[in-house]
Amino acid sequence: MARTMKLTCPNCNKPSFSAWRKQLIGPGRTMLCEHCGARVSLSKLHAVPALMMGFAYPVLAILALAEAGFPGLGIVTVLSLGSMGLYQHYLVPLVVCD
């Protein structure tokens, strides 16, 4: 059975969050640490580029569909959503909410 690596809580420094939980929240949503109960969210400042990529995706998808059809749409989807997910996972830190 594969063991999943957990992300640490910025308050108590104990492993508390799965990578999927981090992907599902945004800077406006919070989650509770399973150890200390702190409310944790994403850094608003660091999340801005990921949000901008999310807003640009529909425009890029329409352009790709018009120019290259469904294969272009697939490429744009994989590159846009993949880069957005990787950016959020590795470069957007978790922060304790006030």
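Derivation of every value follows stated rules applied to the coordinates shown; laboratory data play no part. In this text the structure is predicted, and so the values were computed from the model without any measurement. Cβ placement follows ideal geometry from the backbone for every residue including glycine, while neighbour counts extend to all protein chains displayed.
Data for the structure
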{"read-out": "In the range 87-98, residue nearest to the chain's Cα centre (by Cα) [restricted to those that are closer than 14 Å to Ala47 by Cβ and touching a residue at least 40 places away in the same chain (Cβ under 8 Å)]", "value": "Gln88"}
{"read-out": "Residue match in the range 1-18 (condition: in a helix (DSSP H, G or I) and of a type in the set (A, V, I, L, M, F, W, C))", "value": "no"}
{"read-out": "Test for Ala68: is it among the small types (Gly, Ala, Ser) and free of Cβ contacts under 8 Å to residues at least 24 places away in the same chain", "value": "yes"}
{"read-out": "Qualifying residue in the range 40-62 (condition: touching a strand residue (DSSP E or B) at 6+ places or on another chain (Cβ under 9 Å), not in a helix (DSSP H, G or I) and not hydroxyl-bearing (Ser, Thr, Tyr))", "value": "yes"}
{"read-out": "Options Met53, Met31, Met84, Met5: the member that is aliphatic (A, V, I, L, M) and exposed (fewer than 13 other Cβ atoms within 10 Å of the Cβ)", "value": "Met5"}
{"read-out": "Check on Val59, among the β-branched types (Val, Ile, Thr), exposed (fewer than 12 other Cβ atoms within 10 Å of the Cβ) and out of contact with any Cys (no Cβ under 6 Å at 6 or more places or on another chain)", "value": "yes"}
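Residues checked against (1) acidic (Asp, Glu); (2) touching a Gly at 6+ places or on another chain (Cβ under 6 Å); (3) over 21 Å from Lys6 (Cα atoms); (4) free of Cβ contacts under 8 Å to residues at least 24 places away in the same chain:
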| residue | (1), (2), (3), (4) |
| --- | --- |
| Phe17 | no, no, no, no |
| Arg21 | no, no, no, yes |
| Ile25 | no, no, no, yes |
| Met31 | no, no, no, yes |
| Ala38 | no, no, no, no |
| Lys44 | no, no, yes, yes |
| Ala50 | no, no, yes, no |
| Leu63 | no, no, yes, yes |
| Gly85 | no, no, no, no |
